[in-house]
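The values are calculated or read from the model by the stated rules, or taken from the named source; none is laboratory data. Please read these numbers as outputs of a predicted model, since none were measured by experiment. As a convention, Cβ positions derive from the backbone with ideal geometry for all residues, glycine included, and neighbour counts pool all protein chains shown. In case anyone asks, the SASA skips ligands and DNA or RNA and just uses the protein heavy atoms, side chains included. Shrake-Rupley method; radii C 1.70, N 1.55, O 1.52, S 1.80 Å.
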Amino acid sequence: MAIVPESAPLSLTRSVPEFDAVVIGAGFSGMYMLHRLRDMLGLSVRVYEDGDDVGGTWYWNRYPGARCDSESYIYCYTFDRQLLQEWQWSERYPEQPEILRYLNHVADRFDLRRDIQFSTRVTAAAFDEETNRWQVRTSLGEVVSARYLIAAVGTLSKANLPKFRGLETFRGKWYHTNQWPQGGVDFTAKRVAVVGTGATAVQVIPEVSQQAKQLTVFQRTPAFCVPARNGKVDPEVVKARKADYDGIVERIRNSQFGHEIYFIEKSALDDSPEERQREFDKRWDAGGFAFWIGNYQDMLFNQEANDLCADYLKRKIRATVNDPVVAEKLIPKTYPYGTKRQPLDTNYFETFNKANVLLVDAADAPIEEITPKGIRAGGEEYEFDIIIFATGFDALTGPLTSIDLRGRAGKSLSEKWADGPHTYLGLAVTGFPNLFMITGPGSPSVMSNMPVSIEQHVEWISDCVNYMLKHNLTVIEATPAAEAEWTFHVAEVADATLMTRANSWYMGANMPGKPRVFMAYLGGVGVYRQKCDEVAAHGYKGFALGGTAQSGNGR
Ligand code: NAP
């Protein structure tokens, strides 16, 4: 291991271990990237992972109620048909321990761990323009060099802990849902606060309410929740799906969002109120994302259509919550339905009927400070033994800019993205040659069922690396024109929808000072895949390719 002082400029650090590729992160994306590059292309690969085992998101998010909101039969790798046949999911929506078991199984099956260095964070990386290689520094002080640097850092991996005054004075225990203790937390006889009401809190709140003596929820913006309707899947359905995986894979890869869920191909305004009610009921009863991404096709484009969907959900909240004052507080009023990520719930609104659950409107009475005894909001002090921050993430860009990534001329990614992410296809960044991002900003990413987008990116990147090897090339970089055109296109597609109207993390609006930019590509998983394939088919159109293996220090 080459240990290099933190002060040494990375670009001047030579004589260090060399790899063909360094992959940052050993979640869904980093694991598959390793398999592709190592086992299919025969490259030398080092994966660095902050956690002490594989799993990424599913390693860190161990909070009570943590469960995937995509259906299990498609929330998995599809690249190995045998694996698809062998693995048995126990429920419609897999819970965190089960997904972690699955990822451990994959790590064993493909012998991945031997090339993953755990408990090691990549802290910095700099592109060396002389050798066309990345110099990578880790939290252990190790420096290595690699031709390709692949950020498999996840989209929701940098926790957002708001800077609440006085947090250090709190005498109880506090946790962020993203950094949950391995052994769990016992809430028995405890007074517990949950800050936040996003998709995570919606899973946490009903669970904690069952154990805690008193649960107080601090809500700044209410959520439009839809029931998950989790449960066992009929064995006949499981059998039929196993028999049809080729069809399923084909359909999800060419779909809008990576699910087998499709919009109703007409306007919500074209149906009579009775027909609309039937369509809404069908989706409400089906549970899951059907109400969100399987609704009328103009729901995310037309405010009038959107209002019809929102009104249906508001009626459901009023019908579920006994206290009309509490119900009104729980009804979203400040953004169109579906423009924030759809939380899926199990007894979320019902939880507010319980005697031990209190809702505090943190929009009217913002959290002022954390005190030694609890939380002061709206001039009142609430006392707690435990505070849970379900306050989300610095999404998409955060995990990347928190690494000191420096491209040509030492320019940092944070500087480059000061006014929002600029990328080509969400895969590459001009000025950062040989860097690839898996599900980066500007790709469908978080607006899709993640494994579908992850597999597409991993396969595209490994095909690209293979092309480079075959053509004896050592450097690939998005051209400024291609990056500008793509970044413009991502924005124009988002601007055509209602999605830009919410203060969502998709918009960076949850982070004070973060530029307000819709960060995912909304053109759809299928359309996007075609565009990426066309780029590859045209010799990586929009990229400048160069160098030779001789000039560029081996492969
Ligand atoms: P989130 O959606 O960003 O929600 C964070 C919550 O914290 C919001 O209610 C936010 O209020 C609140 N908050 C933030 N700062 C606050 C402050 N200073 N004072 C009061 N409240 C504050 O984060 P999340 O719930 O962790 O979900 C993030 C994403 O993770 C989801 O959208 C989803 O994509 C993913 N996720 C997936 C699953 C799954 O599939 N199993 C489960 C959970 C999460 P505002 O809305 O006012 O900002």
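Brief remarks on what is shown
- Each of Gly247, Pro227, Gln214 was scored by the projection of its Cα onto the charge dipole of region 213-281, and the greatest displacement toward the positive side belongs to Gln214; charges sit on the C-beta of Lys, Arg, Asp and Glu.
- Note on the chain: dipole from Cβ charges, positive end direction compared against Phe289, Leu167, Gly198; the farthest Cα belongs to Leu167.
- Axis angle, to the nearest 10 degrees, between helix 199-211 and the longest C-alpha principal axis of the chain: 50 degrees.
- Within the chain, the longest run free of exposed loop sites, counting GluC sites (Glu not before Pro) that sit outside DSSP helix and strand states (H, G, I, E, B) and have at most 13 other Cβ atoms within 10 Å, spans 266-555.
- Using a cut-off of 28 Å between Cα atoms, the listed pairs Lys340/Lys531; Lys340/Lys373; Lys213/Lys340; Lys329/Lys373; Lys173/Lys354 include Lys340/Lys373; Lys213/Lys340 as exceeding that distance.
- Taking the C-alpha atoms only, the angle from helix 450-470 to the longest principal axis of the chain is near 10 degrees.
- Span from the region 358-378 Cα centroid across to the region 219-248 one, whole angstrom: 36
- For Ala428, residues with placed amide H under 5 Å, excluding near neighbours: Met437
- Accessible surface of the chain [probe 1.4 Å, protein heavy atoms]: carbon and sulfur percent: 49
- The mean accessible area for residues of the chain, using a 1.4 Å probe and ignoring ligands and nucleic acids, is 40 Å² per residue.
- Additional length obtainable on full extension of the chain from Gln179 to Arg253, 0.36 nm per residue less Cα span: 23.4 nm
- Rolling a 1.4 Å probe over the protein chains gives Arg165 an accessible area of about 150 Å².
- Along its principal axes, region 176-306 has C-alpha extents of 51, 41, 24 angstrom, given from the largest down.
- Anisotropy class of region 425-464 from Cα gyration tensor, a/c 1.5 cut: oblate
- Taking only alpha carbon atoms, the chain gives an Rg to Rh ratio of 0.97, where Rh is the Kirkwood radius.
- For the chain, the longest principal axis of the alpha carbon atoms and the long axis of helix 303-320 meet at an angle near 50°.
- Dipole in debye (nearest 20) - region 27-69, about Cα centre, beta carbon charges: Lys, Arg +1; Asp, Glu -1: 120
- Per-residue ³J(HN,Hα) for region 472-479, Karplus 6.51 cos²θ - 1.76 cosθ + 1.60, θ = phi - 60°, Hz, x for Gly and Pro: 6, 9, 10, 9, 9, 8, 5, 6
- Under 5 Å, built H, 5+ apart or other chain: amide partners of Gly288: Ala228, Arg229
- Region 373-381 - phi-based ³J(HN,Hα) in whole Hz, Karplus 6.51/-1.76/1.60, Gly and Pro as x: 9, x, 10, 9, 9, x, x, 10, 9
- Rounded to whole numbers, the Karplus 3J(HN,Hα) couplings from phi for region 161-177 are 10, x, 7, 6, 4, x, 4, 5, 8, 5, 8, x, 10, 9, 9, 9, 4 Hz, using 6.51 cos²θ - 1.76 cosθ + 1.60 with θ = phi - 60°, and x at Gly and Pro.
- If only the Cβ of Lys and Arg carry +1 and only the Cβ of Asp and Glu carry -1, the dipole of the chain around its Cα centre is close to 740 debye.
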